[in-house]
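Undergrad: My structure is below; once you've seen it, I'll send some questions.
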Amino acid sequence: MPLRFLITQRLPPVAKELLVRQGEVTEFSLDRPISPEELVEAGRHCQGILAMLNDRFDSAMLDKLSELRAISNYAVGYNNIDIKQCSHRGIGVSNTPDVLTDASAELAWALLMATARRLGEAEQCVRQGKWAGWGPMQFLGRQITGKNLGIVGGGRIGQRLARMATGFDMKVAYVGRQAKQELERLGGVRMELKALLAWADFVSLHVPLTEATHHMIGHGELALMKPTAVVINTARGSVVDEAALVDALERKTIFGAGLDVYEFEPRIADRLLQLPNTVLLPHIGSATVETRTRMAELAAENLIAMVQGRRPRCPVNTELWEPG
Ligand code: DGY
């Protein structure tokens, strides 16, 4: 029997090109997420699934995919997959770190600048034909150069952002479980979360979504921040208590928020949509041609390795490939 693969959304062609050399490939080529029913229907007889970050693999779903041997997640985050259940069933899981570091850090930086300088509001004013000419008090934002950048999560993307910040003479601090050489080399100071929130002019979130980071930023944490502070979230929506963030933005206890991810994605709270002191993007952190192509290649290679019983380049449940 040939191997059977499913790609759950349209990807750069390299993924399919690599997989068809190994077996039969079904690519769901709609530009929308596959529904759980479609996933079961199309994935039922597949050994390998190249999955998107919005495809949920909980135990009920895994029960229905009885031939599955491997899930290659087209993302660095894998909070959409019950890893314990996969390991228990011998299903390998991989992700796509590294190749998206630059693109993701670039987007966090773009959001930081856009939010600080109120680019969303200013652009809408021009497009809507409301601009009546230059004015000294129009769209006054917050300066970035020389300010304090607080990075929550000292991993690859946070480190890359810190390097960008040095070009703007920013002082950098970070929250991390351990000291990070690269951040220390750039002058980054490791702080506790509360101290960092009180110190920072800009807070950028770069932690994975886990039980420990769920609602890591809530009412209490937002209350510690400066009234001039800006929050950037390009990680996962549920790291922030979205209702608490909306409250803080409405009451203007912080200056603004730049968001690429949402707690109930793709649903965005109405109150959030009404707020002028936000820049809101549709989860495009890794969305460059170069990065999405590299992710497609890496995800396909990971999937092929796993269905062939080999350790992939980017394993998540590493214990499956440990000897003994
Ligand atoms: C990821 O890889 O986790 C990103 O959110 C995708 O853009």
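Undergrad: Which one is nearest to L65 (Cα to Cα), of the residues in the stretch 83-102 that are part of a helix (DSSP H, G or I) and within 16 Å of the ligand (Cβ to nearest atom)?
TA: First pass over the stretch 83-102, keeping only residues part of a helix (DSSP H, G or I): 83-88, 101-102.
Narrowing further to those that are within 16 Å of the ligand (Cβ to nearest atom): 83, 101-102.
On the way: I83: 15, T101: 32, D102: 35 Å.
The qualifying residue nearest to L65 (Cα to Cα) is I83.
Undergrad: Within the stretch 53-76, is even one residue touching a residue at least 24 places away in the same chain (Cβ under 8 Å) and over 24 Å from A15 (Cβ atoms)?
TA: Yes, the stretch 53-76 contains a residue that is touching a residue at least 24 places away in the same chain (Cβ under 8 Å) and over 24 Å from A15 (Cβ atoms).
Undergrad: Separate question: Among the residues of the stretch 295-312, write down those that are under 18 Å from I7 (Cβ atoms) and more than 12 Å from the ligand (Cβ to nearest atom). Give the steps one after another, and end with the answer.
TA: Here is the first cut: in the stretch 295-312, the residues under 18 Å from I7 (Cβ atoms) are 295-308, 312.
Answer for the stretch 295-312, where residues must be under 18 Å from I7 (Cβ atoms) and more than 12 Å from the ligand (Cβ to nearest atom): A296, E297, A300, E301, N302, L303, I304, A305, M306, V307, Q308, P312.
Undergrad: Please identify the pairs in which a residue from the stretch 18-41 that is assigned by TED's automatic domain parsing to the domain that holds I81 has its Cβ atom under 8 Å from the Cβ atom of a residue that is surrounded by fewer than 13 Cβ atoms within 10 Å (Cβ to Cβ) and part of a loop (DSSP other than H, G, I, E, B), counting only partners at least 6 apart or on another chain.
TA: Cβ pairs passing all conditions: G23/P2; E24/P2.
Undergrad: Also: Return a yes/no flag: does the stretch 253-275 have any residue that is more than 26 Å from M216 (Cβ to Cβ) and more than 16 Å from the ligand (Cβ to nearest atom). Spell out the reasoning first.
TA: Start the filter on the stretch 253-275 by keeping residues that are more than 26 Å from M216 (Cβ to Cβ), which leaves none.
Taking every residue of the stretch 253-275 in turn, none turns out to be more than 26 Å from M216 (Cβ to Cβ) and more than 16 Å from the ligand (Cβ to nearest atom).
Undergrad: Ok, one more. How many residues are surrounded by fewer than 16 Cβ atoms within 10 Å (Cβ to Cβ) and more than 10 Å from the ligand (Cβ to nearest atom) if we restrict to the stretch 281-290?
TA: Going through the stretch 281-290 one residue at a time, the tally reaches 3.
Undergrad: Take I49 and tell me if it is touching a residue at least 24 places away in the same chain (Cβ under 8 Å) and more than 21 Å from R310 (Cβ to Cβ).
TA: Numbers: touching a residue at least 24 places away in the same chain (Cβ under 8 Å): yes; more than 21 Å from R310 (Cβ to Cβ): no.
Answer is no for this residue.
Undergrad: On to the next question. Quick check on the stretch 261-276. Is at least one of its residues closer than 26 Å to A162 by Cα, among the aliphatic types (A, V, I, L, M) and not assigned by TED's automatic domain parsing to the domain that holds P13?
TA: So in the stretch 261-276, the residues closer than 26 Å to A162 by Cα come out as 261-263.
Next, only the ones that are among the aliphatic types (A, V, I, L, M) stay: 261.
Right, trim to not assigned by TED's automatic domain parsing to the domain that holds P13 and you get 261.
Yes, there is a match, as at least one residue in the stretch 261-276 is closer than 26 Å to A162 by Cα, among the aliphatic types (A, V, I, L, M) and not assigned by TED's automatic domain parsing to the domain that holds P13.
Undergrad: So, A179, is that one crowded, with 20+ Cβ neighbours inside 10 Å, hydrophobic (A, V, I, L, M, F, W, C) and not in a helix (DSSP H, G or I) or not?
TA: Numbers: crowded, with 20+ Cβ neighbours inside 10 Å: no; hydrophobic (A, V, I, L, M, F, W, C): yes; not in a helix (DSSP H, G or I): yes.
It is false that A179 is crowded, with 20+ Cβ neighbours inside 10 Å, hydrophobic (A, V, I, L, M, F, W, C) and not in a helix (DSSP H, G or I).
Undergrad: Okay, moving on. Can you tell me which residue within the stretch 216-267, out of those that are under 20 Å from M113 (Cβ atoms) and among the hydroxyl-bearing types (S, T, Y), is surrounded by the most Cβ atoms within 10 Å (Cβ to Cβ)?
TA: Across the stretch 216-267, the extreme among qualifying residues is T234.
Undergrad: Of (1) assigned by TED's automatic domain parsing to the domain that holds N302; (2) over 25 Å from S72 (Cα atoms), C86 satisfies all except one. Which?
TA: Tallying (1) assigned by TED's automatic domain parsing to the domain that holds N302; (2) over 25 Å from S72 (Cα atoms), C86 fails exactly one: (2).
Undergrad: Something else about it: Could you check how many residues of the stretch 103-121 are more than 16 Å from the ligand (Cβ to nearest atom) and either farther than 16 Å from G167 by Cβ or surrounded by fewer than 20 Cβ atoms within 10 Å (Cβ to Cβ) (or both)?
TA: Residues of the stretch 103-121 more than 16 Å from the ligand (Cβ to nearest atom): 112-121.
If we keep only those that are either farther than 16 Å from G167 by Cβ or surrounded by fewer than 20 Cβ atoms within 10 Å (Cβ to Cβ) (or both) too, we end up with 113-115, 117-121.
Total meeting the criteria: 8.
Undergrad: Test A60 against the criterion of being within 16 Å of the ligand (Cβ to nearest atom) and among the small types (G, A, S), and give yes or no. Can you show your working first?
TA: Values: within 16 Å of the ligand (Cβ to nearest atom): no; among the small types (G, A, S): yes.
Spelling it out, it is not the case that A60 is within 16 Å of the ligand (Cβ to nearest atom) and among the small types (G, A, S).
Undergrad: Got a sec? Which of V93, V152, V99 is crowded, with 20+ Cβ neighbours inside 10 Å and under 26 Å from G187 (Cβ atoms)? Quick ask: steps written out before the conclusion?
TA: Working: V93 fails: under 26 Å from G187 (Cβ atoms); V99 fails: under 26 Å from G187 (Cβ atoms).
After ruling out the rest, the residue left standing is V152.
Undergrad: Another question, if that's okay. Conditions first: (1) at pLDDT 95 or above; (2) in contact with a Gly (Cβ under 9 Å, 6 or more places away or on another chain). G43 passes all but one, so which condition is the exception?
TA: (2)
Undergrad: Also: Any residue at all in the stretch 123-138 that is modelled with pLDDT of 95 or more, at negative phi, among the charged types (D, E, K, R) and within 16 Å of the ligand (Cβ to nearest atom)? Outline the logic, then answer.
TA: Taking the stretch 123-138 first, the residues modelled with pLDDT of 95 or more are 123-138.
Filter again for at negative phi, leaving 123-128, 130-132, 134-138.
The next check asks that each one be among the charged types (D, E, K, R); those that pass are 123, 127, 130.
Subsequent filtering for residues that are within 16 Å of the ligand (Cβ to nearest atom) retains none.
Scanning the stretch 123-138, I find no residue that is modelled with pLDDT of 95 or more, at negative phi, among the charged types (D, E, K, R) and within 16 Å of the ligand (Cβ to nearest atom), so the answer is no.
Undergrad: With respect to A105, is the statement that it is in contact (Cβ under 8 Å) with a residue 40 or more places away in the chain and not charged (D, E, K, R) true? Full working, then the answer.
TA: Working: in contact (Cβ under 8 Å) with a residue 40 or more places away in the chain: yes; not charged (D, E, K, R): yes.
Yes: the conditions hold for A105.
The values are calculated or read from the model by the stated rules, or taken from the named source; none is laboratory data. Keep in mind that what you see is a predicted model, and the values were worked out from it rather than measured. Every residue, glycine among them, receives a Cβ derived from its backbone with ideal geometry; neighbour counts consider all protein chains shown.
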